[in-house]
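Working notes for the structure below.
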Amino acid sequence: MTSFETKTPLGKTGLSVSRLGIGSSFGAPTRVIEEAVEQGINYLYWGTVRRPAFGRAMRNVARRDRDGVVLTIQSYARVAALVAPSVEISLRRVGVDYFDLLLLGNWNQPPSPAVVDAALALKDQGKVRFLMVSTHNRPLLPSLFEGYAKGESPFDVFMFRYNAVHRGAEKDAFPFLPAEQKPGIVTYTTTRWGDLLDPRKMPEGESPPPASHCYRFALSNPAVDIALCGPANRDQMQEAIRSLELGPLSPDEMSRMQSIGHHLYGHHKARFADAGDEPS
Ligand SMILES: NC(=O)c1ccc[n+]([C@@H]2O[C@H](COP(=O)([O-])OP(=O)(O)OC[C@H]3O[C@@H](n4cnc5c(N)ncnc54)[C@H](OP(=O)(O)O)[C@@H]3O)[C@@H](O)[C@H]2O)c1
């Protein structure tokens, strides 16, 4: 059994999570998600695109064992009055009383106090248990972590981009994590929108790494609790799960991923830049 196959605590939430999380955007069928849960994956994130098949999988696995799964719902609402309806409609669709996490998505500045209050109200009502936030502005993270360390943050979990191409978090996020009582950390864009798997984008003479190497790259960083994957089908789901069976990258595999990542960074522009990227 590798260290990636063991569940890990998600910050101080008390939730115990698989190291791989599944996002819903890319369309894997219901049964594929259910199988992944049967294989030990317990972090399901209904976002960015709330695909109905993924919602059905959440409903089915929650019916069997609600306590065994960690269900995250995302809201991109910028208007406080829209936060509750966005969560409540999803609760009805999934047929559960609460989500474990409400993710306030894509905030490049601290979320507005009104939106945070709306999210906290849902927490008070027991409709969500914990709050998290995602950002494309990594330089914002040190101040968010500072608030967390002081016990002043409404958020228990933070989510941002980290992959072999975009390693900026090693400089502008991870070093700023509180030494004690780390918050939960979830990372996304692990395959760099599939670029890391594209033979046309490799350095000369290199073949692309398997997708499992991408997830292993992110998880090999001790700050990362969950690397998200976005499977479109059973093969992709199973390849992602393989990353847990294979465990941390060996030093040779790590240096190969870093050199492919370095090549991609220099030769193939990011589809969506994050604040904190080097100017190209
Ligand atoms: N809230 C936010 O700020 C935020 C930001 C980014 C992402 N997200 C969400 O996070 C979740 C994860 O997305 P991600 O981009 O991080 O996931 P990802 O797994 O890095 O990317 C999914 C992409 O990788 C490709 N892929 C995955 N496994 C593969 C395999 N075995 N072989 C070949 N190609 C493979 C898919 O390509 P094909 O589709 O071409 O098959 C898909 O384009 C999604 O639900 C996404 O919407 C949220």
So what's the back-of-envelope 222 nm ellipticity for the chain, counting only DSSP H runs of four-plus at -39500 (n - 2.57) apiece and dividing by all residues, rounded to 500? -10500 deg cm²/dmol
Which of the lysines could a cross-linker bridge to Lys123, judged by Cα under 29 Å and excluding same-chain residues fewer than eight apart? Lys7, Lys12, Lys150, Lys182
Cα axis of helix 113-124 to longest principal axis of the chain: angle in degrees, 0 to 90, nearest 10? 70 degrees
Helix axis angle, 83-94 relative to the chain longest principal axis, alpha carbon, degrees: 80 degrees
Rounded to the nearest 5, the percent of antiparallel DSSP beta bridges in the chain equals 5 percent
What percent do you get for the relative contact order of the chain when only Cα pairs under 8 Å and 6+ apart count? 22 percent
Computed over the chain: longest principal axis from alpha-carbon atoms vs helix 251-267 long axis, angle to nearest 10 degrees, is 90 degrees
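Within the range 125-217, list the GluC sites (Glu not before Pro) lying in a DSSP loop whose Cβ has at most 12 other Cβ atoms in a 10 Å radius.
Values: sites: Glu146, Glu152, Glu170, Glu180, Glu204, Glu206; in loops: Glu152, Glu180, Glu204, Glu206.
Of the GluC sites (Glu not before Pro), the ones in loops of the range 125-217 whose Cβ has at most 12 other Cβ atoms within 10 Å are Glu152, Glu180, Glu204.
Each value in this text was obtained by applying a stated rule to the coordinates, not by laboratory testing. Computed from a predicted model, the values in this text were never measured in an experiment. So basically every Cβ, Gly included, is an ideal-geometry build from the backbone, and we count neighbours across all protein chains shown.
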